[in-house]
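For reference, the structure discussed in these notes is given below.
Every number in this text was worked out from the coordinates using simple rules, so none of it is lab data. As the structure is a computational prediction, the values presented were derived from the model and not from experiment. Here the Cβ is made from the backbone with ideal geometry for all residues, glycine too, and neighbour counts use every protein chain on show.
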Amino acid sequence: MRIGVLAVQGAFIEHEKVMQSLGCDCVELRQKSDIVSLDGLILPGGESTVQNKLLHELDMFDSLKGMIKGGVRTLATCAGLILLAERISNDKRSAFATLPVTVKRNAYGRQLGSFRTRSDFKGIGDVDMTFIRAPYIEKVADGVKILSVVDQKIVGVEYKNQIGLSFHPELDKDDSIHRYFLESI
């Protein structure tokens with residue numbers, strides 16, 4: 001299985017290592033010519049504003065948005081979730097806007113507000129979750145399946161071909177969320 005991992009900024013290497021350990025071929029998406037036929041796409045954590053800017057500068061934005069809208073299975077973590085979100089409550093800018101949710105960026109505060117917890121993930125059970133300057137989901141549209149809630153905040157959703165997470169599953173030893181993503185392709 002060939003998985004494209006957005007590699008312009010952020011925690012992409014960690015996702016690649018998990019996917020490779022699960023037997024996948026990973027393609028680092030660094031420029032438009034890297035966007036080839038893919039079975040899945042990962043939008044990693046990092047800085048969403050920087051990633052969005054680079055996607056436009058590198059002329060990758062429209063191609064990736066087309067892939068997502070076209071049904072390529074997509075896993076987005078932290079900043080990746082912000083890139084997918086239709087609306088960001090504390091920022092007028094949006095990026096792909098393919099996931100019908102409202103997200104609050106840096107919802108848990110600055111770096112000092114980062115934390116780890118263990119919570120239920122629908123279809124898997126309890127998983128470790130690492131939150132770093134994380135967003136959370138304030139509102140979901142009809143048709144969006146809630147996968148996980150922490151402290152009464154939505155932190156994981158699924159909509160059609162898209163999985164959006166507030167946290168970083170690639171930073172924990174448990175690979176069950178990545179397996180869930182692969183099994184859904």
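Here are the numbers for this structure:
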| read-out | value |
| --- | --- |
| Gaussian network model of the chain, springs between alpha carbon atoms under 10 Å - residue of Phe12, Phe96, Phe115 with greatest fluctuation | Phe115 |
| Greater than 27 Å apart at Cα, pairs in Lys139/Lys173; Lys17/Lys122; Lys139/Lys160 | Lys139/Lys173 |
| Projected label distance in nm at Gln31 and Ile146, using a 7 Å step from Cα toward the beta-carbon | 4.5 |
| Magnitude of the charge dipole, the stretch 2-183, Cβ model with Lys/Arg +1 and Asp/Glu -1, debye to 20 | 560 |
| Most mobile of Val50, Val155, Val18 in a GNM of the chain (Cα contacts under 10 Å) | Val50 |
| In order through the stretch 116-127: 3J(HN,Hα) via Karplus (6.51 cos²θ - 1.76 cosθ + 1.60), integer Hz, x for Gly, Pro | 10, 8, 10, 8, 6, 10, 3, x, 10, x, 6, 9 |
| Within the stretch 105-185: Cβ-based charge dipole about Cα centre, in debye rounded to nearest 20 (Lys, Arg +1; Asp, Glu -1) | 320 |
| Whole-Hz ³J(HN,Hα) from phi, Karplus 6.51 cos²θ - 1.76 cosθ + 1.60, for the stretch 152-157, glycine and proline x | 6, 10, 6, 10, x, 9 |
| Mean Cα-pair separation over length for the stretch 108-185, i.e. relative contact order, pairs under 8 Å, 6 or more apart, % | 26 |
| Cα lying deepest toward the dipole's positive end in the stretch 2-183, options His168, Ile35, Asn52, charges on Cβ | Asn52 |
| Listed values [x] 52; [y] 56; [z] 60, entry calculated as percent of Cα pairs over 19 Å apart | [x] |
| Gain in span if fully extended, Asn106 to Gln20, counting 0.36 nm per residue against the direct Cα distance | 28.0 nm |
| Theoretical gain in end-to-end length, Asp39 to Thr117 [0.36 nm per residue, Cα-Cα removed] | 25.0 nm |
